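A short reminder: the numbers here are calculations on the coordinates, not readings from a lab. What you see is a predicted model; the values in this text were computed from it and never measured. Neighbour counts run over all protein chains shown; Cβ positions are idealised from the backbone, glycine included.
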Amino acid sequence: MEEQYAALASKITSLATSHQKPRYLVAVAGAPGSGKTTLATAVAAQINRSGLLSHKSTNQSDDNSQTNEIAKRALVLSMDGFHLPRSELDTLPNKERTEAYVRRGAPWTFDIPAFLEFMRTLRLWADSGSPSSSSEETAGVLYAPTFSHSTKDPIPNSIVIDHTTSIVIIEGNYLLLDKPQWRDIAPLVDYRVFVDVDLAEARERLAQRHVEAGIEQTLEEGFLRVDRNDAINGALVKGHVVDGVDIVLRKKETNPSFVLRAVKDVAFEDRVIPPLKDPWDVRVQVAQTGICGSDVHYWQRGRIGDFILESPIVLGHESSGIVTEIGSAVKNLKVGQKVAIEPGVPCRHCDYCRSGSYNLCPDTVFAATPPHDGTLQKYYITQADYCYPLPYHMGLEEGAMVEPVAVAVQITKVGNVRPNQTVVVFGCGPIGLLCQAVSKAYACKKVIGVDISQSRLDFAQAFGADGVFLPPPRPEGVEETAWSEKVAALIKEKFGLGEGPDVVLEATGAQSCIQTGVHLVKKGGTYVQAGMGKENVVFPITTACIRDLTIRGSIRYSTGCYPVAVDLIASGKIDVRAGGGGL
């Protein structure tokens, strides 16, 4: 950015020098966290260091004349000094007062009439060099307020603008905002600079800034603070810029992507930022992405079933991010909005799609499934109706977990899991744990987790399972099918399940677990196969028939799963946060 600072300083100096009026006014605007304050300060410093603004003046006294070198300077003003003081906010009704403090820094928390009056006076001063004043001591001098972050109030008359000031750089979020009253500011300045920024990047900066300033204690709290206020303001600023901006500054960007080139061959590549191609397209700046077992599977083997890696693809499909651009037809999303990305976009027209089972659509474009690129890239293009807005209190890390939660929602949906049922889940990995959590959220009376890892069982118990079971090792000489029946009996006995649970959700794909699950579930019960292991296994089909079981498979998610997953996380019924008992 140093080169941009120097170039802008040179440009402004040149324009000011050739300007016909005594003073030159510059507006620098941009979203919170865009770097506009840093830019304005750096440009002013560059101008002042250059010394190019010094000029000679001749003073005459009687018959003698004297030539003086007058040092001119560039001065930075912030519109923050025009915040409404707390004493005025305190006069608002309770609800409005609370909202004003939470949203302090929003356009309506500024004294815009006073700021406009100041800007008009500044314009008069810049053109004439002498604003009206009733005092000789203040003739030719203007005073501007600043904002104290310690007292959280404006400080009147803190900045002196006098005859030594030649360039005034005013910086603030809303100087170029195309909204009533605010749009009257742009014509009052000579040069208009808009600092563009990716809102996800701004969000990171602001959260870190809140922590460093001691306003918040953790980054998570910092992000929540940003999402409640700064992110809303940033989206407004970025989405409503007045016409006639002289220059837009932004960092030159590429699209860094994590690419699987071949089996066990991955690398970061700088790719082109993808353009919008459809009126319903949305560009999302990806903020968080989880690594799924399928990503690892493609890396290790280069295929899953019929999906074979034949050319490089970008990995990743469990993602959240911030909307940075929307197509002309998009009405349900706004730039700056936090979203969870559903990674599969179906055709919408086939019988499966029309019946709500779009997870079975043969023409689905699914992220990180060959030949389609995934979400482990800075910018990802998808369709608007497959982006789900996140509430302000829900972080982007939680947003990335919506995808696996939606998988668990689909599994329980297929299993028709209902209140007061007993559910046994085989596997205490991420999907198994989430199946247990969703079942608990659905008010099942007993949820049991089964796994061969004691540490995973301990985690499942802490995560909310009503009970856990570690199968004993199969003795030598005992046939696997016979031992599966024995383990099923042990589970029933330990947890008092009688004839067995209402539903078994299998999330391992291991043959022994599949066999045990079928023997375990009660007559007329439901068995759901969600785990993927070997393509072919020995399955106790006779038991399934005799016990009149409903056998279902489950893949991905169908209509309604994503909204339910968002609600389960947002409501706190499922805690997916790292640490603190969550995932």
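With a threshold of 30 Å on the Cα-Cα distance, the over-threshold entries among Lys251/Lys573; Lys152/Lys252; Lys413/Lys492; Lys277/Lys338; Lys95/Lys152; Lys413/Lys522 are Lys251/Lys573; Lys152/Lys252. Helices in the chain that qualify as membrane-span-like (whole DSSP H runs, Cα extent of at least 30 Å along the helix axis, mean Kyte-Doolittle hydropathy of -1.0 or higher) do not occur. When peptides 92-98, 348-354 are ranked by their average number of other Cβ atoms within 10 Å per residue, the highest-first order is 348-354, 92-98. I need the shape label for segment 1-52. Rule: rounded when a/c is under 1.5, else prolate if a/b > b/c, else oblate, with a, b, c from the alpha carbon gyration tensor. Oblate, since a/c reaches 1.5 and b/c is not below a/b.
Between Asp127 and Thr146, residue separation times 0.36 nm minus the direct Cα-Cα distance comes to 4.5 nm.
Under the combined filter of DSSP loop state and at most 13 neighbouring Cβ atoms within 10 Å, segment 405-465 retains these trypsin sites (Lys or Arg not before Pro): Lys445. Please compute, over every Cα-Cα pair in segment 221-279, the percentage with a separation greater than 16 angstrom. So the pairs more than 16 Å apart make up 72 percent of the total in segment 221-279.
Of the residues Ile326, Pro404, Pro107, the one whose Cα sits farthest towards the positive end of the charge dipole of the chain is Pro404 (charges of +1 on Lys and Arg Cβ, -1 on Asp and Glu Cβ, taken about the Cα centre). Full extension of the chain between Val296 and Arg228 yields a length gain of 20.9 nm, computed as 0.36 nm times the residue separation minus the alpha carbon distance. Under the shape rule built on the C-alpha gyration tensor, where the axes satisfy a ≥ b ≥ c, segment 131-222 is oblate, since a/c reaches at least 1.5 while a/b does not exceed b/c. Considering helices alone, the calculated mean residue ellipticity of the chain at 222 nm is -9500 deg cm²/dmol, with DSSP H runs of length four and up weighted by -39500 (n - 2.57) and normalised per residue.
In loop segments of segment 269-347 as defined by DSSP, the trypsin sites (Lys or Arg not before Pro) with at most 11 further C-beta atoms inside 10 Å of their C-beta are Lys277, Lys331. State, to one decimal in nm, how far the label point of Gln461 lies from the label point of Asp196, with both points 7 Å from Cα in the Cβ direction. Spacing of the two 7 Å Cα→Cβ label points: 5.6 nm.
Modelled label positions at Asn420 and Leu15, each set 7 Å beyond Cα in the direction of Cβ, lie 7.3 nm from each other. Here the calculated FRET efficiency for Lys445 and Arg104, from their Cβ-Cβ distance with R0 = 41 Å, stands at 0.30, rounded to the nearest 0.05. For segment 360-374, backbone nitrogen atoms closer than 19 Å to the point 7 Å from Arg348 Cα along Cα-to-C-beta are found at 360-367.
Over all pairs of different C-alpha atoms, segment 463-583 has a mean inverse distance whose reciprocal, the Kirkwood radius, equals 16.3 Å. Applying both filters, DSSP loop and at most 13 other Cβ atoms within 10 Å, to the GluC sites (Glu not before Pro) of segment 176-264 gives Glu253.
Does the chain classify as rounded, prolate or oblate by the C-alpha gyration tensor (a ≥ b ≥ c root eigenvalues; a/c under 1.5 gives rounded; else a/b over b/c gives prolate, otherwise oblate)? It comes out prolate by the Cα gyration axes.
Highest-first packing order for the peptide set 21-32, 464-475, 379-390, 519-530 is 21-32, 519-530, 379-390, 464-475, based on the mean count of other beta carbon atoms within 10 Å. Projecting label points 7 angstrom from Cα along Cα→Cβ for Ser328 and Asp178 puts them 1.6 nm apart. Once the chain from Arg474 to Thr254 is taken as fully extended at 0.36 nm per residue, the excess over their C-alpha distance is 73.7 nm.
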